[in-house]
1. Scan segment B:176-209 for residues that are surrounded by fewer than 17 Cβ atoms within 10 Å (Cβ to Cβ) and not in a helix (DSSP H, G or I) and jot them down.
2. Might you check whether a residue that is closer than 20 Å to A:I244 by Cα and open to solvent by less than 20 Å² (accessible area, probe 1.4 Å) occurs anywhere in segment B:161-173?
3. If you check A:M324, A:M268, which single one turns out to be of a type in the set (A, V, I, L, M, F, W, C), part of a helix (DSSP H, G or I) and open to solvent by less than 50 Å² (accessible area, probe 1.4 Å)?
4. Please find, within segment B:142-151, the residue that is farthest from the other protein chains (Cβ to nearest Cβ) out of those that are farther than 24 Å from B:T234 by Cα and either touching a residue at least 40 places away in the same chain (Cβ under 8 Å) or open to solvent by less than 60 Å² (accessible area, probe 1.4 Å) (or both).
5. Do we have any residue at all in segment B:152-166 that's in a loop (DSSP other than H, G, I, E, B) and in contact (Cβ under 8 Å) with a residue 24 or more places away in the chain?
6. Which of the residues belonging to segment B:210-230 are in a loop (DSSP other than H, G, I, E, B) and among the acidic types (D, E)?
7. Residues of segment A:65-105 being without any contact (Cβ under 8 Å) to a residue 60 or more places away in the chain and within 30 Å of A:A215 (Cβ to Cβ), which ones?
8. Here are some conditions: (1) at pLDDT 90 or above; (2) surrounded by 13 or more Cβ atoms within 10 Å (Cβ to Cβ); (3) of a type outside the set (D, E, K, R). A:V183 meets all but one. Which one does it not meet?
Amino acid sequence: MNWYLKRTGQALFTLWAVVTVAFVLAWNVPGSLVDHMVDRIVQNSNVDPEIVRESIESRLMFDPEASLLEGYLTYVSALLEGDLGYSFVAGQDVSTTLAEAVPWTLLVMSLATLGMFAISLALGAIMAYREGSWFDIANTFVGIVTTSVPYFVAAFLLILWVGYSDAPILELFPPRGRRPPRVDPGFTVAFVWGALRHAVLPALSYLITGYGLLALSMRGNSIQTLGEDYVRVAELRGLSSRRIALRYVGRNAVLPLYTSLLLSIGFMLGSSVVLEQIFQYHGVGYWMYEAIDATDVPLMMGTFIVITVCVVIATFVADVTYSMLDPRIKSGDQGEAY
Amino acid sequence: MTDQDTRSTQTATHSTERTGSTDGTADHVLEIRDAEVSFEMDRGVSRVMDHVDLDVHRGEIIGVVGESGSGKSMLASSMLDAVVDPGVLSGEITYYPEDGEPVDVLGLSDRKLKRLRWEEISMVFQGAMSSFNPTMGVREHFVETLEAHDDDVEAGMERARELLSDLYLEPERVLDAYPHELSGGMRQRALIALSLVLEPEVLVMDEPTAALDLLMQRSILSLLEDLREKHDLTMVFITHDLPLVAELADRIAVMYAFELIEIGPTDEILRHAAHPYTRALLNATPNLDAPLEEMRSIEGAAPDPVDVPDGCTYHPRCPLADETCVADDPDFRQVDAAHEAACFHWEDAAEAVPFTGVDVDADPQTSITEEHR
C-alpha cells in the first residue's frame, strides 16, 4: 500500500513539473493568439478587426498584458478546479476537444504497438532459431533498411501507394481523416469498421519503421537465451521443443524488450504531432500542432498534460506488471531495484 | 525397459575384454568404446575427445579427472549422446539396464533417446546457477519433467519431496521458490533432486560442485554417498579437483589431452599412480600438509585440440619421454589387477616423478578424507 502511495506521489510530482516547464515554454512561444485569430476571422469576413479583437480579448483566459507568473497562477488555479480553459483554435473547451481526440490517438497507438510487438517477437524468435539461414539474413537486411526510414517518409509513401491507389483492395485504407463520413458515431459495425480502416495507414507507418529494430533485438536476445544452460538442460529433460521455445527461450528473451515497449509509447505520442498532421487525423497530436501554430496556450497545455498522464500511467502499469513477467524483479513494497 | 532399439543388441556381444576391469565378472552398466568427438573448425578438425574406452561398473562411483579442456565434459555429454552441435560423436556407447536388453545409445531414435535420458541416464551440469529457468518456479521444473516423460505427476512429486528432504532441504519451501531465491548450495541440491526424479540408474555429474564453497562441496559429497546407497545409483563424477573426488570415488580415470591415460581404484591411483602425468597432477595438488616450496606446477601447457602432438600426447611435457614416446601412441598397460596406464615407461614413473607431499605418499586416502569428516 505504502508503495502505491509513493508511486502516486511521484506521478503527481512528475505531472506538476511537466505542467510548470511546459507552461513556461508555451508562454514564450512567439506570436499572439489574438493576432492569429483576428487574421483568421477577418480574412473570411468583413468585420472590423478592432471589434473582433475586443471580443476575443474579453473571452481570453489570460490578460494579454499579464506576466508569466500571473499567467501561470491563473492557469494552475483553473486547472486545480478542473478547468482546462477554452480553445479558440478548436472553437470549444479544451477538455471537450481532448476528450474527443484522445481515443483516436490511442486507437492508432495500440494498433501499432500490438501489431509491432506481435510481429517483431515472432519474427525475431524465428530468425534466432534459423540463425544464419537465408530467412534470417534476408530479414535482418530488410529490418535494418525499414528501421532507417523515418516514420513520416513511410507515411507519405503509404498515402501515395496505398491511399491513392486504384487497386480495389487498397481503397479500403483511406489516406486521410479518422472516420467514415455519413456514419453516425456509436458502437455500430459500420462505425467501428470505418474507424479501424482509417487507423490502418497511420498505424502502419509506425509499424513498418519500428518493427525492424525490435525484431533484431528479439533475435539477439533469443540467440543469447538459446545458448543458456537451462535450455540445454530442458532439452535433455525431454521437454517438447514447443514448450522450450515458449516457456524457456521466448519468455526469457522478451524480458529486456519490455522497456522498449515503454519507450515506444512515449515515442509514438511525440510523433503523433507530425503523423496526425500528415493524415489529417484529428487526434491529440493534430491539436497540439494546431495549438502551437496559433499560440493557443490552453490547448497546448491540455495536450501536454494528456501526453504526460498517458506516459505516467504506462510507466506505472509497466512497473507493476514487470514483476509478474520476471520473478527476479520485485514490485510493491517488497523493495525496488534502484 | 521396453524401448529397445533393434540395432542395440548387436553391440552387446563384444564387451568385457578391455580396460578397467580384468575380473571379467564386473557388472557393467555403461561401456564406451572408441568414443571420439570432433568439431569442424576453420583451422582444421578439432578432436576434443579421442578414442576413449571406458567401462562403468554398476553401482560404483567413478571419478573422471583432468585439467580444463582435457575433454572430460565431452565424455560426460557423450554418455547421454548430448554432445552440443556442431560436435560429432562417434564410437560405441552401450547401456546395460538392470534387466533387459543392452541399448546402443548412439543408434537410438530421437524418441527412444528422449526416454533414455533422465529416465535411465541422468545428468547434473556444471553451473547449477544457470540450469534452472529463471522465470519459472522450481516446482514447475519437476512437474514438466514428469509430464514430458508421461510419468504419474502425483507419485513423481512425492518422490521429489522425498529426494529434497533426503538432501536436507525443506521440500515445500524449495518447490514454492523461484530459482533465484535459493542459495547456491540449495540450488545445486535441488538440481540433483531434479536429475533423480525419474529414478535413473546412472547419474553423470559434470563438475557439480565447481561453483560452491569448500564446505558446501563436502556436504554435497556426503549427500551423494547417501543417495547412491539408497537408490542403487551408479555415478560418474567429472571434476578437475582430484582430492575432492578421491574422497568419493571407487575408481578414478584420468584424462589428458582428450584421451584417457590412466584408470584404476582410487587407492591405487593415489598411492601408486603409474602415469607421469597423474603423478605430476598429484604433486600439483595443493595440500595443507605439504610445504609450499614443494608445490610443483606441471611445466608447459596442454595441447591445442587441432594440433595434438604425435605419439604420446604428454611427451612434450614428460621427463621420461624418449623417441618411442614421440613416435608411438602407447596403449594401456596393465599396472595391477584393475589398474591400467597408457605409458611406455610406467615402471619408471615412480622414480622419475616422486611424490612431494609427504603425507600423500604415506597414506593419501585417509589424510585427505579424515580431516573433513
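1. Initially, segment B:176-209 is screened for residues surrounded by fewer than 17 Cβ atoms within 10 Å (Cβ to Cβ), giving B:176, B:180-181, B:183-184, B:199.
Residues satisfying the conditions are B:S183, B:E199.
2. no
3. Details: A:M324 fails: open to solvent by less than 50 Å² (accessible area, probe 1.4 Å).
Every option except A:M268 fails the conditions.
4. The residue in question is B:V143.
5. Our first condition is that a residue be in a loop (DSSP other than H, G, I, E, B); within segment B:152-166, this holds for B:152.
If we keep only those that are in contact (Cβ under 8 Å) with a residue 24 or more places away in the chain as well, we get none.
The answer is no; no qualifying residue exists.
6. Within segment B:210-230, B:D213 is the sole residue that qualifies.
7. Across segment A:65-105, the qualifying residue is only A:P103.
8. (1)
The values are calculated or read from the model by the stated rules, or taken from the named source; none is laboratory data. Please read these numbers as outputs of a predicted model, since none were measured by experiment. Because the Cβ atoms are built from the backbone with ideal geometry, glycine has one as well, and the counts that use them run over all protein chains shown. For accessibility, only protein heavy atoms count, side chains too; no ligands or nucleic acids. Shrake-Rupley method; radii C 1.70, N 1.55, O 1.52, S 1.80 Å.
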